[in-house]
1. Given R₀ = 35 Å, what would the calculated FRET efficiency be for D121 paired with S14, taking r from the Cβ atoms and rounding to 0.05?
2. Tell me which of G37, I143, S132 sits at the most positive position along the dipole axis of the chain, charges placed on C-beta atoms (Lys, Arg +1; Asp, Glu -1).
3. Quick one: which residues, 5+ away or cross-chain, put their amide H under 5 Å from the amide H of I133? H built at 1.01 Å from N.
4. How would you order 16-28, 124-136, 40-52 from highest to lowest mean count of nearby Cβ atoms within 10 Å?
5. Sorted by average packing, counted as other Cβ atoms within 10 angstrom per residue and highest first, what order do 65-71, 29-35, 92-98 take?
6. How much of the accessible area of the chain, probe 1.4 Å, is carbon plus sulfur, in whole percent?
7. Which ³J(HN,Hα) values in Hz, rounded to whole numbers, follow from the phi angles of the stretch 21-35 under the Karplus curve 6.51 cos²θ - 1.76 cosθ + 1.60, where θ = phi - 60° and Gly and Pro get x?
8. Compute the FRET efficiency between T111 and V70 as 1/(1 + (r/R0)^6), taking r as their Cβ-Cβ distance and R0 = 22 Å, and round to the nearest 0.05.
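The values are calculated or read from the model by the stated rules, or taken from the named source; none is laboratory data. Computed from a prediction, not measured in an experiment: that's the story for all the values here. Here the Cβ positions follow ideal geometry from the backbone for every residue, glycine too, while neighbour counts run over all protein chains shown. Heavy atoms of the whole protein, side chains included, go into the accessibility calculation; ligands, DNA and RNA do not. Shrake-Rupley method; radii C 1.70, N 1.55, O 1.52, S 1.80 Å.
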Amino acid sequence: TYRERKALVYDAQSLKLEKEIPLPSMLKEGWGMTTNGKELIVSDGTQNVYFFDEEFNLKRKIQVAGYQSVYTHINEMEFINGKIFANVWTTNFILVINPETGAVEQYYDLTQLSETKGSDDVLNGIAFFNESILVTGKNWEKIYELPLPN
């Protein structure tokens with residue numbers, strides 16, 4: 001929960017809350033979280049992406065940057081095929097980020113899918129499902145299934 005500054009850990013089978021872990025003070029807020037199977041990968045609304053162990057001990061951090069820009073507002077993330085897919089808050093952009101260097105290797109503009117009616121109705125959800133990417137946004141009525149890029 002980004003406002004309460006804690007991670008909630010649930011049992012995958014029963015969905016029973018097992019524990020709450022306070023977020024480390026270095027995080028501005030907790031915006032997005034995913035895993036590569038070994039580390040928790042967390043964004044805090046800045047250009048930084050942090051890698052933690054399961055008790056939130058910092059292992060390393062990267063800064064997300066492309067050819068012409070440092071990207072801030074890194075938000076929702078999903079780890080797919082060795083890359084971090086992340087949306088940039090208040091935009092319709094998804095970045096494909098190298099988890100070792102922070103380099104943006106691909107960029108997707110999903111403006112054609114946008115259901116924006118107000119300033120908060122932006123792209124805000126990414127999930128990996130059945131070799132596809134599911135995307136949606138705040139207050140969107142639909143979830144879109146997109147083929148996984150090569």
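1. Working from the Cβ atoms, E equals 0.55.
2. G37
3. L146, L148
4. The packing order, highest mean first, is 40-52, 124-136, 16-28.
5. In decreasing order of mean packing, 65-71, 29-35, 92-98 become 92-98, 29-35, 65-71.
6. 49 percent
7. Each residue of the stretch 21-35 in turn: 10, x, 6, x, 5, 5, 7, 4, 8, x, 9, x, 8, 8, 9 Hz.
8. Plugging the Cβ-Cβ distance into 1/(1 + (r/R0)^6) gives 0.55.
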